[in-house]
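Notes for the one structure printed next.
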Amino acid sequence: DQGSENVASGSCGIASCNNAFAIFINPAKIGLSGNPAVNLFYRNYYGLKDINQMSLASHFSIFKMPLGLGISTFGNKLYRETELRAGVGVELIQQIRLGVSLNLYHLDIKNYGSAIGWGFDLAALKAINDEITMAFVVSNLNEPKIGAVKERIPAYFGFGLAYRPLSIIELNLDIIKDDQFDFDYRFGVQYNVNQWFSVICGFRDLVNSVSAGLKITNNNYNLNYGFQY
């Protein structure tokens, strides 16, 4: 999960209008929001003070080329995963966008040393009309491995569908197939109460979890809160 909005919507949003952490969720969305942005995300797991996730993501343009950068870290002093990403999103033809990200993974386990691996994601996004957007992501397409034992880094294929029947509501469906797990169906809804306040909820089928959250928008600033149960 990357971003409180993504957490609140049931880890759903491959095709959504949420572009805050596009470098992690769908690099084809990099640059869609226009203005440069920096996003910070913090999450605590299971109420344990040492099990935290922190992520920083940004997008900007150089010579009109939309670029994205991201760093995410998870774990504690004994076990820590760190992920660095750099990506680009471009519009190939009208209403069709393609995105690519290069991912560097670093794993550090106390008394056991550290290891590095790399992978890359390929993604696309297509606006069918003003109401419907569809997208897909293939994560770690090169099937990367890490460490002396060559442990596989998880890879998945994801398909997303976003439907906006009204300007105040967006419905999202993601279908995720991880190479080690069964299909995961994820559903998310965002309702914009007004121009500065939104309510979000979601559901994940594979782990049977529900989620919800709030989004507050004020000019160029967003403040989001999400939780999963």
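The values are calculated or read from the model by the stated rules, or taken from the named source; none is laboratory data. Keep in mind it's a predicted model, so treat the numbers as computed, not measured. Positions of Cβ are generated from backbone atoms using ideal geometry, with glycine treated the same way; all protein chains shown enter the neighbour counts. SASA here: full protein model, heavy atoms, side chains in, ligands and nucleic acids out. Shrake-Rupley method; radii C 1.70, N 1.55, O 1.52, S 1.80 Å.
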If the viscosity is 1.306 mPa s and the temperature 10 °C, what Stokes-Einstein diffusion coefficient in µm²/s follows for region 35-80 when Rh is the Kirkwood radius over Cα pairs? 130 µm²/s
Accessible area per residue, Å², the chain with all protein chains present, probe 1.4 Å: 57 Å²
Comparing Ala124, Ala155, Ala135, which has the greatest mean-square fluctuation in the GNM of the chain with Cα pairs linked when under 10 Å apart? Ala155
Counting only other residues whose beta carbon sits under 14 Å from that of Ser58, what net charge do I get with K and R as +1, D and E as -1? +2
With r defined as the distance between the Cβ atoms of Ile96 and Trp196 and R0 fixed at 35 Å, what FRET efficiency is calculated, to the nearest 0.05? 0.65
Bounding extents of region 139-192 in its principal axis frame from Cα atoms, largest first in Å, are 52, 18, 14
Built amide H within the under 5 Å cut-off of Gly147, gap 5+: Ile116
How far apart, in nanometres, would the label points at Thr217 and Leu84 be if each is projected 7 angstrom from Cα along the Cα-to-Cβ direction? 3.3 nm
Which cross-chain or sequence-distant (5 or more) residues have an amide H under 5 Å from the amide H of Ala37, H modelled 1.01 Å from N in plane? His59
Output the Cα-based Rg and Dmax of the chain in Å, rounding Rg to one decimal and Dmax to a whole number. 17.3, 55
Binned Cα-Cα distances of region 7-86, short to long, each 10 Å bin given as a whole percent: 18, 45, 27, 9, 1
Using θ = phi - 60° and the Karplus form 6.51 cos²θ - 1.76 cosθ + 1.60, what ³J(HN,Hα) does each residue of region 108-119 get, whole Hz, x for Gly and Pro? 10, 10, 4, 6, 10, x, 9, 8, 10, x, 9, x
Which residues qualify? For Ile51, with a placed amide H closer than 5 Å and at least 5 residues away or on another chain, they are Tyr45
What distance in nm separates the simple spin-label points at Ile51 and Tyr229, each placed 7 Å from Cα in the Cβ direction? 1.9 nm
So what are the ³J(HN,Hα) numbers for region 5-19, from phi and the Karplus equation (6.51, -1.76, 1.60; θ = phi - 60°), rounded to whole Hz, Gly and Pro as x? 5, 5, 4, 5, 8, x, 6, 10, x, 4, 10, 6, 7, 7, 10
At 10 °C and 1.306 mPa s, grab the translational diffusion coefficient of region 110-199 from Stokes-Einstein with a Kirkwood Rh over Cα pairs, rounded to a whole number in µm² per second. 101 µm²/s
With +1 on each Lys and Arg Cβ and -1 on each Asp and Glu Cβ, and nothing else charged, work out how big the dipole of the chain is about its Cα centre, in Debye to the nearest 20. 420 debye
Given a cut-off of 32 Å, name the pairs among Lys110/Lys215; Lys77/Lys150; Lys145/Lys215; Lys29/Lys145; Lys64/Lys150 whose C-alpha atoms lie farther apart than that in the structure shown. Lys110/Lys215; Lys145/Lys215; Lys64/Lys150
Of the accessible area of the chain, computed with a 1.4 Å probe and all protein chains kept, carbon and sulfur make up a percent value of 62 percent
Derived scalar couplings ³J(HN,Hα) [region 66-75; Karplus, 6.51 cos²θ - 1.76 cosθ + 1.60; whole Hz; x for Gly, Pro]: x, 10, x, 10, x, 9, 9, 9, 9, x
Give me the three principal axis extents of region 16-137 from the C-alpha atoms, as integers in angstrom, largest value leading. 53, 29, 25
